[in-house]
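All of the numbers you see were taken from the coordinates with simple rules; none came from a lab. These numbers come from a predicted model, not from an experiment. Cβ placement follows ideal geometry from the backbone for every residue including glycine, while neighbour counts extend to all protein chains displayed.
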Amino acid sequence: MPRLHPTSCTRRHFLKSISTICACASAPALLLENSPALASGTPDPDFEPAYLALHRTGELAQRAESLWNTMESCQLCPRQCEVNRLQGRSGFCQAPGARLVVSSFHPHFGEERPLVGRKGSGTIFFSHCNLRCVFCQNWEISLKGRGQEQSIDDLAAMMLRLQELGCHNLNFVTPTHYSAHILKALDKAAGQGLRLPIVYNTSGWERLEIITQLDGIVDIYLPDFKFWEGEMAAKFSSGAESYPELTRKAILDMHHQVGIAEPGGDGVLQRGLIIRHLVMPNNTAGSEKILQWIAEHLPKETYINIMAQFTPAFKAFDFPKIARRITSDEYARVVAKAEQLGLTNLDIRGHWWLRR
Ligand code: SF4
């Protein structure tokens, strides 16, 4: 059995490890609950997640229904396939109609420190993806759809289980094509005592119309900002040329909804925006321009995770421009630019990753 290193493993390594331990959704939590790091915890009594107020008024259920109905001619994401998922049709993301597929759920210790705290981020990995990047490290989950079909009740039970295990938040990974399912399950779980903040962990490529429906529901937004140029997004993310433009709009709205990420005294975050940027070889991502835009349009103290762990995976070796890891110099240049722009809240653990 592979050894997990709770504070330093990357998502890829964590997924690889966990997938070899267990193929079913419930076992990882069962496996990890005896870890000493997971002494049972209770949610902070002084904190109320955003969605509880909307749950009490019935609006959370209404918004869930509205997103659900969107699947009748699906426009949950910028692909806008307009297939009838309610009748079992699949669009670009390959989600099987309106059925829900979850790859795994468990406390995760490889996310940003303010999300992990001492007891982990309660991560739920959804299968399938609407972006389908050629370099995806989790392609077996996102492209092949590895996972198990679950009901809305199952999803609500997972949320409550992660709370029981003491996780600091619920972290929905690749949620976009299942946003309706998530809201329905959230409404159920809220009625059964759920009170963890939720993390919307997205590629960033979102329709503004959908993000505005999450206002007052999501506590922490965790979007990627992958590419500055539409041409690069189109080439490496299955024709998603609108990625830069739509991601900029989505990130501005996310910031408007939840503000700056300011962890509490215990270092754990309950509300705010964290932007992830993965530095790619040969400046494929346009890192410096992305940082410049952030510096000009968002507060300088915006939390930015500058990630170094790009590794050629899946079809990346078919593209010479991205067929290698980045160098220390490439990473250092991006960090220097961020500092030069006056950005003050940088997560730059990539320096450590590149030294491994
Ligand atoms: S969520 Fe899936 S089916 Fe719906 S628009 Fe996006 S890619 Fe198409």
query: Would you say Asn84 is within 12 Å of the ligand (Cβ to nearest atom), within 26 Å of Pro312 (Cα to Cα) and not hydrophobic (A, V, I, L, M, F, W, C)?
result: no
message: Can you tell me which residue is surrounded by the most Cβ atoms within 10 Å (Cβ to Cβ) among those in the range 193-213 that are farther than 26 Å from Asn138 by Cα and out of contact with any helix residue (DSSP H, G or I) (no Cβ under 6 Å at 6 or more places or on another chain)?
response: Arg195
task: Identify the single condition in (1) surrounded by fewer than 23 Cβ atoms within 10 Å (Cβ to Cβ); (2) more than 12 Å from the ligand (Cβ to nearest atom); (3) part of a loop (DSSP other than H, G, I, E, B) that Leu160 does not satisfy, given that it satisfies every other one.
output: (3)
Of the criteria (1) over 22 Å from Glu301 (Cβ atoms); (2) not in a helix (DSSP H, G or I), which one Leu343 fails: (1)
query: Out of all the residues in the range 62-81, which are in contact with a Ser or Thr (Cβ under 7 Å, 6 or more places away or on another chain), of a type outside the set (A, V, I, L, M) and within 6 Å of the ligand (Cβ to nearest atom)?
result: Cys77
Candidate set: the range 92-132, residues that are within 27 Å of Asp318 (Cα to Cα) and surrounded by fewer than 23 Cβ atoms within 10 Å (Cβ to Cβ); chosen: the one farthest from the ligand (Cβ to nearest atom): Arg132
- request: Take Ile260 and decide whether it is crowded, with 21+ Cβ neighbours inside 10 Å and touching a residue at least 24 places away in the same chain (Cβ under 8 Å).
  value: no
